[in-house]
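Engineer: Here you go, one structure.
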Amino acid sequence: MSKPSKDQMLYMYRKMVEIRQFEEAAGTLYQSGQLPGFLHLYIGEEATAVGVCAHLHNDDYITSTHRGHGHLIAKGGRRDRMMAELFARTTGYCKGKGGSMHIADKETGILGANGVVGAGIPLAAGAGLSAKLRGTQQVAVSFFGDGATNQGVFHETLNLAAVWELPVVFVCENNRFGMGTPQREHQRVVDIAAVRAPAYDMPGITVDGNDVLKVYAAADEAVTRAREGGGPTLLNCDTYRFRGHHIGDPGTSYRDREEVQEQERQRDPIRRLTQVLIEEVGYNAR
Amino acid sequence: MGEDIGAYGGAYAVTRGFLDEFGPERIMDTPISESVIVGAGVGSALAGLRPIVELMTINFSLVAIDQIVNHAAKLRYMSDGQFSVPLVIRTVTGGGGQLAATHSQSFENWYASVPGLKVAVPATPYDALGLFRAAMKDDNPILFAEHSLLYGMRGEVPDEWYEIPFGQADIKRKGNDVTIVAYSRMTHVALQAAAMLEEKGRQAEVIDLRTLRPWDKETVLESVRKTNRVVVVEETWKTGGFSGEIASTIQEEAFDDLDGPVARVGGLDVPAPYNGTLEAAAIPNSERIIKALSDNYGI
């Protein structure tokens, strides 16, 4: 299992903290009425974005979701321009024309957050197709949730990517809920990669999405495979959303409060990496 | 990329020979998956290519409509121009071949409502070639709607290079007595009506819009100011048809030049029947154009 260096671990730690702080700040601003539209927070899921993007270069592509701030920051998006975009200002990435769900940054290969569930998946396949046709070593990563794996276009895209051996990594962030619907009620599948990857005859990996080291290792395998012309992988990261679907949803009408608290206590990806940094790497706790 | 464009040569034989001439890296057969055909087209356009994708018919474009309307059309705007989507979506439109309701529709008018898209509806080989060249150069997503019954049409195209810009209608027949605005196959029905009107001593000016988004408002208005009588003809259902947009614009901007209300002839508001007689009754013909002019303008 590939392991990050100390510096890489510190980098990933920093990135996860940046995401957490950004999301908490955005949440507070939204709740005080200063941000318009919708806000879908990534709190609790930081390890997936960070562990995957640790293997990506500036010219690799990602497509993201409505819950996209974590992917954007992990890929190299600037927090000031992202926050300005949330405020709909001209200093934002999209000059205020896109908002939270449509932030894009061409310079860092961010093909955009996306307001339609599943719709970023074929875009990533297209970007991968472009790389393949141009003969580069670029990779495209598509982030999406368990809910998106029931969209027709998910199936169309995985099928095409497998047939055409596209340099794409499909990263499912299974946070166990499609908005307010538990996974067991929206699909019979439990382990998304174990079942849906073989359906398209593509490799599948499932990892604990809240353990950035495990995500890092799995993503290494998948990104390397894509980069070396070995085709796509479906990487399923089991994670959990600490807040509601969006601000305004407390997240407890369809989830047990105890379950949420338990997840926060036991599976916080930042606390877990902190543990590793202190115990195994020798950093001092503050 | 598209379904059966390679070895099969295309469902309407449009891409016959392309695979041999351009090779499998440029002519790619896809699974039957319209959403990813368009979506991957969009994604590859975001990532530097200039793809041309085919949707076998516009009826099946509905499977991909999210990618067309929500993504192809909007990514340039939403990204503040960081990305453009230089994508041509070729598709086959129209009915009249007794293919029944799900295979006979014309949705160009729906797509023509969408900011961020361009829509071409050529009626002749000359126009199709000129517009297609312009489409390939355009950095915007374009729906290029080719009418299924016009593939057999022959026409002269010059050896020298030419292009036709979008938003430029073509006056296919000049006249002073009445304006007939049409597009796609209905252009030819309009010309038939013009021939019938000539026998009655009336000269019709037939305007072929050639593109619906953008559409050439000035040419239409100039003609109406001259003839004072206008009928708009299109194949899709009259309700919600693009003829409403055109008629509305004419009455807004040339109200005082009209001798009567703008006439509209469109497909009847029914699912396209399989039976040939029923189907023909549902599609505009020259008789209905003549009648509309008689009803509105007494000619």
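The values are calculated or read from the model by the stated rules, or taken from the named source; none is laboratory data. Owing to the predicted nature of the structure, the values given are computational and were not obtained by experimental measurement. In this analysis, Cβ positions are derived from the backbone assuming ideal geometry, glycine residues included, and neighbour counts consider all displayed protein chains. Please note that ligands, DNA and RNA were not included when accessible areas were found on the heavy atoms of the full protein model with its side chains. Shrake-Rupley method; radii C 1.70, N 1.55, O 1.52, S 1.80 Å.
Engineer: Name the helices (complete DSSP H segments) of chain A with a Cα length along the long axis of 18 Å or more and a Kyte-Doolittle mean of at least -1.0, or state none.
Structural biologist: Membrane-span-like by this rule: A:6-31, A:120-134, A:212-227.
Engineer: Still on this structure, please answer the following. Given a 1.4 Å probe and heavy atoms of the protein chains only, how would you sort A:TYR42, B:TYR8, A:TYR254, largest accessible area at the top?
Structural biologist: Listed by decreasing accessible area, they come as B:TYR8, A:TYR254, A:TYR42.
Engineer: Still on this model: Mind checking the range B:199-233 for trypsin sites (Lys or Arg not before Pro) that DSSP puts in a loop (not H, G, I, E or B) and that have at most 16 other Cβ atoms within 10 Å?
Structural biologist: B:LYS200
Engineer: With charges only on Cβ, +1 for K and R and -1 for D and E, what is the dipole size of chain A about its Cα centre, in debye, rounded to 20?
Structural biologist: Here chain A has a charge dipole of around 640 debye.
Engineer: Using a 1.4 Å probe and ignoring any ligands, DNA or RNA, find the accessible area of B:TYR183 and quote it in Å² to the nearest 10.
Structural biologist: That residue has around 10 Å² of solvent-accessible surface.
Engineer: Right, next: Please list, or write none, the lysines whose alpha carbon is within less than 22 Å of the alpha carbon of B:LYS226, excluding same-chain residues fewer than 8 places away.
Structural biologist: Partners found: B:LYS172, B:LYS174, B:LYS200, B:LYS217, B:LYS291.
Engineer: Got a number for the accessible area of A:TRP164? Probe 1.4 Å, square angstrom, nearest 10.
Structural biologist: The accessible area of A:TRP164 comes to roughly 40 Å².
Engineer: Take B:LEU49, A:LEU86 and sort them by solvent-accessible surface of the protein heavy atoms, 1.4 Å probe, largest at the top.
Structural biologist: Solvent-accessible surface, decreasing: B:LEU49, A:LEU86.
Engineer: Let's test the formula: R0 of 30 Å, r as the Cβ-Cβ distance of A:GLN137 and A:LYS106. What FRET efficiency results, to the nearest 0.05?
Structural biologist: 0.95
Engineer: Just from the alpha-carbon atoms, what are the Rg and Dmax of the range B:46-199 in angstroms?
Structural biologist: Here Rg and the maximum Cα pair distance are 16.8, 57 Å.
Engineer: Continuing with the same structure: Nearest 10 degrees is fine. How inclined is helix B:34-46 to the longest principal axis of chain B, computing both from alpha carbons?
Structural biologist: 80
Engineer: Could you tell me whether the range A:1-117 comes out rounded, prolate or oblate from its Cα gyration tensor? Rule is a ≥ b ≥ c as square roots of the eigenvalues, rounded for a/c under 1.5, then prolate if a/b exceeds b/c, otherwise oblate.
Structural biologist: prolate
Engineer: Using the heavy atoms of the protein chains and a 1.4 angstrom probe, tell me the accessible area per residue for the protein assembly as shown in square angstrom.
Structural biologist: 41
Engineer: Still on this structure: To make sure I understand the rule: partners must be aspartates and glutamates, Cα under 12 Å from the Cα of A:LYS95, and not fewer than 8 residues away in the same chain. Which ones qualify?
Structural biologist: Here the aspartates and glutamates satisfying the reach criterion relative to A:LYS95 are A:GLU85, A:ASP105, B:ASP80.
Engineer: Would you kindly calculate the mean projected area, averaged across all directions, of the convex hull enclosing the Cα atoms of the protein assembly as shown, in square nanometres?
Structural biologist: Working: hull surface 120.7 nm².
Hull-based average projected area comes out at 30.2 nm².
Engineer: Right, next: Can you pull out the GluC sites (Glu not before Pro) in the range A:175-250 whose DSSP state is coil and whose Cβ has at most 12 other Cβ atoms within 10 Å?
Structural biologist: Filter output for the range A:175-250: A:GLU228.
Engineer: Dividing the alpha-carbon Rg of chain B by 2.2 N^0.38 Å yields what?
Structural biologist: 1.01
Engineer: Here is a follow-up. Quote the relative contact order of the range A:6-279 in percent (integer), defining contacts as alpha-carbon pairs under 8 Å separated by 6+ residues. Working shown, then result.
Structural biologist: Details: 570 pairs, mean separation 56.4, N = 274.
Relative contact order for the range A:6-279 comes out at 21 percent.
Engineer: Continuing with this model, one more query. Over the range A:6-279, consider all pairs of different Cα atoms and compute the Kirkwood hydrodynamic radius from their mean reciprocal separation; express it in Å, one decimal.
Structural biologist: Working: mean 1/r = 0.0545 Å⁻¹.
About 18.4 Å, per the Kirkwood formula over Cα pairs.
Engineer: Past the 17 angstrom mark, what percentage of all C-alpha to C-alpha distances in the range B:1-109 do you count? Walk me through the numbers before you get to the answer.
Structural biologist: Numbers: 3271 of 5886 pairs.
Here the long-distance tail beyond 17 Å is 56 percent of all Cα pairs in the range B:1-109.
Engineer: Checking the table A:LYS3/A:LYS75; A:LYS132/B:LYS118; A:LYS6/A:LYS132; A:LYS6/A:LYS214 against a 24 Å threshold on Cα-Cα, which pairs fail?
Structural biologist: In this structure, A:LYS132/B:LYS118; A:LYS6/A:LYS132 exceed 24 Å between Cα atoms.
Engineer: Which residues among the range A:1-33 fall inside the zone where the amide N is under 15 Å from a point 7 Å beyond the Cα of A:GLU280, along Cα→Cβ?
Structural biologist: A:1-13, by backbone N distance to the label point.
Engineer: So for A:PHE87, B:PHE22, B:PHE255, A:PHE177, what's the accessible-area order with a 1.4 Å probe, most first?
Structural biologist: If we order A:PHE87, B:PHE22, B:PHE255, A:PHE177 from most to least accessible, we get B:PHE255, B:PHE22, A:PHE87, A:PHE177.
Engineer: Next question, about the same structure. In the protein assembly as shown, if the dipole is taken from +1 on Lys/Arg beta carbons and -1 on Asp/Glu beta carbons about the Cα centre, which of A:VAL117, A:HIS102, B:TYR12 is farthest to the positive end?
Structural biologist: A:HIS102
Engineer: How many angstrom lie between the C-alpha centres of the range A:217-286 and the range A:129-197?
Structural biologist: 18
Engineer: Run the simple label-point estimate for A:GLN31 and B:TRP161 please: 7 Å along Cα→C-beta, distance reported in nm.
Structural biologist: Going by the 7 Å Cα→Cβ label model, 6.2 nm.
Engineer: What's the center-to-center distance, using Cα atoms, between the range B:226-291 and the range B:146-171 in Å?
Structural biologist: The range B:226-291 and the range B:146-171 have Cα centres spaced 23 Å from each other.
Engineer: Still on this structure, I have one more. Compactness ratio of the range A:186-233: Cα Rg over 2.2 N^0.38 Å, N = residue count?
Structural biologist: Computed over Cα atoms of the range A:186-233, the ratio equals 1.23.
Engineer: Another question, then. Quote the convex hull volume per residue of the range B:181-256, based on C-alpha atoms, as a whole number of Å³.
Structural biologist: 90
Engineer: What aspartates and glutamates sit close enough to B:LYS137 to cross-link, taking a C-alpha to C-alpha distance under 13 Å and skipping anything fewer than 8 places away on the same chain?
Structural biologist: Correct list for B:LYS137: B:GLU163.
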